[in-house]
Amino acid sequence: MNSLFLRNLEEHQQLMAALPALDDAIGAAGRQLAALLAGGGKLMFCGNGGSAADSQHLASELTGRFINDRRPLAGLALSTDSSALTCIGNDYSFDEVFARQVAGLGRAGDGLIAISTSGNSRNVLRAVAVAREAGIWTLGLLGRDGGKLREACDAAIVVPSQVTARIQEAHILIGHTLCGVIEAELGIAG
Ligand SMILES: O=C(CO)[C@@H](O)[C@H](O)[C@H](O)[C@H](O)COP(=O)(O)O
Ligand SMILES: [Zn+2]
């Protein structure tokens, strides 16, 4: 019997082998995100649990650095402000924790990257609804069948797996690639 690691690795490798099908969607999304930044917009990220971590990871690739030294880019994770999260969750509803931040901070011409392995997290769905009303372009970074977010977002990248951990592993590969496409499009790749 293979070890747990070898089984996970095999599952991961099988999923990786299916990801070339997402190439066009990833390239198109990266170019759109770059265009938003070039137009003066910012990119917001939201998600729960591991996807909250992905949100702050990817936002920091923009404001900090990805690979090479270059000017900072406008990235903002909506999963990191514990005061906003607890206030909104406590006084309104956990479903509103991202949506109210989008309503308060977002402007037309911004982008929202909604990260969810199920595609069905209610607070992420609410954030996307509020964003679209405000003229914010929305990208779903999703898994399984894409859930409700697949249709709710302007564009979606759906990782074809049923396993949350494997989907998350693909999400960070795709997120890093989006950062690379953004840098290349903006002419700031080193
Ligand atoms: O990281 C993991 C599992 O790997 C968990 O924290 C996971 O992100 C949480 O269960 C999330 O609440 C799942 O939400 P979602 O991906 O379905 O939107
Ligand atoms: Zn996890």
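The values are calculated or read from the model by the stated rules, or taken from the named source; none is laboratory data. Small disclaimer: the values here were computed from a predicted structure and weren't measured. All Cβ positions, even for glycine, are placed from backbone atoms using ideal geometry, and neighbour counts span all protein chains on display.
General remarks:
- Options Arg70, Arg65, Arg100: the member that is modelled with pLDDT under 95, away from ligand 1 (no atom under 16 Å from the Cβ), surrounded by 15 or more Cβ atoms within 10 Å (Cβ to Cβ) and at negative phi: Arg65
- Any hit, region 77-84, residues being of a type in the set (S, T, N, Q), touching a Cys at 6+ places or on another chain (Cβ under 8 Å) and under 22 Å from Leu125 (Cβ atoms): yes
- Hits in region 1-41 (condition: exposed (fewer than 11 other Cβ atoms within 10 Å of the Cβ) and under 18 Å from the mean Cα position of the chain (by Cα)): Asp23, Asp24
- Single residue of Leu141, Leu85 found to be within 15 Å of ligand 1 (Cβ to nearest atom) and either in contact (Cβ under 8 Å) with a residue 40 or more places away in the chain or within 30 Å of Leu9 (Cα to Cα) (or both): Leu141
- Ile182 meets the conditions (1) in a helix (DSSP H, G or I); (2) in contact (Cβ under 8 Å) with a residue 40 or more places away in the chain; (3) in contact with an Asp or Glu (Cβ under 8 Å, 6 or more places away or on another chain) in every case but one. The failed one is (3).
- Of all residues assigned to region 114-124, none qualifies as being away from ligand 1 (no atom under 12 Å from the Cβ) and surrounded by 17 or more Cβ atoms within 10 Å (Cβ to Cβ).
- Among residues of region 155-168 being over 13 Å from the mean Cα position of the chain (by Cα) and not in a helix (DSSP H, G or I), the one that is surrounded by the most Cβ atoms within 10 Å (Cβ to Cβ) is Ser161.
- Residues satisfying the stated conditions in region 115-167, i.e. within 16 Å of ligand 2 (Cβ to nearest atom) and of a type in the set (Gly, Ala, Ser): Ser116, Ser118, Ser121, Gly143, Ser161, Ala165
- Test set (1) out of contact with any Pro (no Cβ under 8 Å at 6 or more places or on another chain); (2) of a type outside the set (Ser, Thr, Tyr); (3) modelled with pLDDT of 95 or more; (4) loosely packed, with under 15 Cβ neighbours inside 10 Å - Ala52 fails condition number: (4)
- Qualifying residue in region 116-126 (condition: out of contact with any strand residue (DSSP E or B) (no Cβ under 8 Å at 6 or more places or on another chain) and more than 22 Å from Val158 (Cβ to Cβ)): no
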